[in-house]
Amino acid sequence: MLFNHITQFKESVGGAVNVSLEMESLNPTIADAFRLHLQPWLGEVLSETLIANYQDNVLTTEDAALLPYVRLALAKLTMYEYSRVGGI
C-alpha cells in the first residue's frame, strides 16, 4: 500500500512495533485502516490517486508533500486496528 517495508512503517509509528512483525501480516490491516479512517477524509479520488502514484513510483510534488502525513496517521491507525486482532 503506502509502505514498501517494515522499516518505513516503524519510522511512522516511532519504532514501537514488534520487530517480528512482517509487512505481509500487516497489509490487510493497513488497507482496512486506510479505508475506514483516512479515505473518508481524503476522498476516493485523492486516495486512489495517491496509492496508484506511489505504487507506480510517479509521485507528484503534491503527493510527495502529503505522503509523510498520511503515513504517520495510517501507521498509528493500523496499530490501533491491529491491536484488536494481533499482539503488538
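Does the range 1-25 hold any residues that are assigned to a helix (DSSP H, G or I) and either among the polar types (S, T, N, Q) or more than 15 Å from residue 72 (Cα to Cα) (or both), and which are they?
The first filter runs over the range 1-25 and keeps only residues assigned to a helix (DSSP H, G or I), leaving 6-13, 23-25.
Once the filter is applied, which keeps residues that are assigned to a helix (DSSP H, G or I) and either among the polar types (S, T, N, Q) or more than 15 Å from residue 72 (Cα to Cα) (or both), the range 1-25 yields 7, 8, 12, 23, 24, 25.
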### Query
Pairs, please: C-beta under 9 Å, at least 6 apart or cross-chain, first residue within 14 Å of residue 1 (Cα to Cα) and without any contact (Cβ under 8 Å) to a residue 60 or more places away in the chain and in the range 38-62, second open to solvent by 70 Å² or more (accessible area, probe 1.4 Å) and of a type in the set (Val, Ile, Thr)?
52/58
### Task
May I ask you to list the residues in the range 21-37 that are more than 12 Å from residue 1 (Cα to Cα) and touching a Gly at 6+ places or on another chain (Cβ under 9 Å)?
21, 25
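The values are calculated or read from the model by the stated rules, or taken from the named source; none is laboratory data. Nothing here was measured: the structure is a model prediction, and the numbers come from that model. Using ideal geometry, Cβ is built from the backbone for each residue, glycine included, and neighbour counts are taken over all protein chains shown. Heavy atoms of the whole protein, side chains included, go into the accessibility calculation; ligands, DNA and RNA do not. Shrake-Rupley method; radii C 1.70, N 1.55, O 1.52, S 1.80 Å.
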